[in-house]
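Q: Submitted below is the structure of interest, expressed as structure tokens.
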Amino acid sequence: MANKTTPLLFRALVEVSEAQSLKLLGGNLKRANVRHLSSCGALAMRRASLPVFPTTPVSTPSRSFINLAAQISNRRMEYTECRTLRYTPEQMYNVVASVDQYHHFVPWCKKSQVKKGRNGDIQAELVIGFPPIVERYTSEVTVIPNHKVRALCTDGSLFNYLETTWRFSPGHKDLPDSCKVDFYVSFEFKSLLHSQLATLFFDEVIKQMVSAFESRAATLYRNQQEASLRRHSR
């Protein structure tokens, strides 16, 4: 069983601070935060406008970490990226579809197991750990061979929602044995504390994960890639 690394006392303080903040703001504070990384690499953030409050002076609470975490509601985050890589769609599909190998190369993945049902459905159980979070969750994986891999979280105490989708298509005609990779992830934590941590480290974590799959392809197919380049350079 995964360790529950959030101390009970700290969790209680977060919940009490959350209740006080919601009472002060009349339960009307809502924020939406959606992030996108387009193919040009520009990171954008959209926030819903805050409600207008009366101008009557009120005391301002200190901005401690607990108060800040309590005032931030759970938010769904999204990330998209498109890359053209010097590997075939089949090669990149094999890297992503091999979920049971994730613990060998995906950052912070401590364990990865795959179970196949009688009707052909695939259940993937992953354990992720990057202090102070160590959690286990299960995803239902659906695939279209050499074209698409989609995983949807179906069980776990960490996420309200988690979806990852990879799509693979032939690359530019001037780049033989290449492919276009489209990556999409959308998630929402159950815990306000985890949401705050994700806000702080979201960009770096996701970028490292995407790069890890490219590095894995390089490890598996470097010799084939070099042979292909020599063949086409003649």
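Q: With each label point set 7 Å from Cα along the Cα-Cβ vector, what nm distance links Val114 and Gln224?
A: 1.5
Q: Straight-line reach from Lys180: which aspartates and glutamates have a Cα under 13 Å away, not including same-chain ones fewer than 8 places off?
A: Within the straight-line cut-off, Lys180 pairs with Glu81, Glu90, Glu214.
Q: Can I ask one more? Given 0.36 nm per residue, what is the gain on full extension from His103 to Tyr184 after removing their alpha carbon distance, in nm?
A: Contour length minus Cα-Cα distance gives 27.1 nm.
Q: Something else now. Just reorder Met209, Met77 by solvent-accessible area, largest first, 1.4 Å probe, all chains present.
A: The most accessible residue leads, giving Met209, Met77.
Q: Separate question: Quick check on my link table: of Lys110/Lys190; Lys173/Lys207; Lys115/Lys190; Lys111/Lys190; Lys115/Lys148; Lys116/Lys148, which ones sit more than 24 Å apart, alpha carbon to alpha carbon?
A: Exceeds cut-off: Lys173/Lys207; Lys115/Lys190.
Q: Can I ask one more? Over segment 151-208, what percent of the accessible surface lies on carbon and sulfur atoms, probe 1.4 Å? All intermediate terms of the calculation are to be shown ahead of the outcome.
A: On the way: 1420 of 2640 Å².
Of all accessible area on segment 151-208, carbon and sulfur atoms account for 54 percent.
The values are calculated or read from the model by the stated rules, or taken from the named source; none is laboratory data. It should be emphasised that the depicted structure is a prediction, and the values quoted were computed from it without experimental measurement. Every residue, glycine as well, gets a Cβ built from its backbone with ideal geometry; the counts of neighbours run over all protein chains shown. Remember, those area values only see protein heavy atoms, side chains included, never the ligands or the DNA or RNA. Shrake-Rupley method; radii C 1.70, N 1.55, O 1.52, S 1.80 Å.
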